[in-house]
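Worksheet for the structure shown next.
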Amino acid sequence: MQNKSDMPLRHPVAAIAPVRMPCNHTGPFMPPRLRKLIGTILIIILVLVYALVATTIASLTLGTSPWWVHMLYFLFSGLLWILPAMLIIKWMEKPAKPRE
C-alpha cells in the first residue's frame, strides 16, 4: 500500500472535469462576440475622440478662413475617421478559428 506522501497531488476538480487545451492553435483565442464587443467600444471611443480633436482644430485654425475652406475641411475631416473605423470593423469580422 502506498503512503499518502508518495501519491501525486491532484486538484479535486481536475479528476471530475479535466482541462482540455486546444491543439494546433497559435496565439490566444478570442470568441467573435467578445471581439465585436471590444470593436464596438473602440469605434465609439474613436468617434468621440476624433470629433473633439477635429472640432478643436477647426475652431483654432479656421476662424478667419472663407466658407469654402470650412466646407473642404469638414468634408475631409468628416470622411477621414472612416479609415481607422474600417480597420476596426475588419478586425471585428475576422472569421472564428475552428476549435479542435
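Coordinate-derived values only; no laboratory data. Quick caveat, the model's predicted, so the values are computed rather than measured.
Report D for segment 31-93 in µm² per second (integer): Stokes-Einstein, Kirkwood Rh on Cα pairs, 10 °C, 1.306 mPa s.
Values: Rh = 13.1 Å.
After rounding, the answer is 121 µm²/s.
Across segment 84-89, in residue order, what do the Karplus-derived ³J(HN,Hα) couplings come to in whole Hz, using 6.51 cos²θ - 1.76 cosθ + 1.60 with θ = phi - 60° and x for Gly and Pro?
Whole-Hz 3J(HN,Hα) from phi for segment 84-89: x, 5, 5, 5, 5, 5.
How much length is gained on full extension from residue 74 to residue 45, taking 0.36 nm per residue of separation minus their Cα-Cα distance?
On the way: separation 29, 0.36 × 29 = 10.44 nm, distance 1.97 nm.
8.5 nm is the gain from fully extending residue 74 to residue 45.
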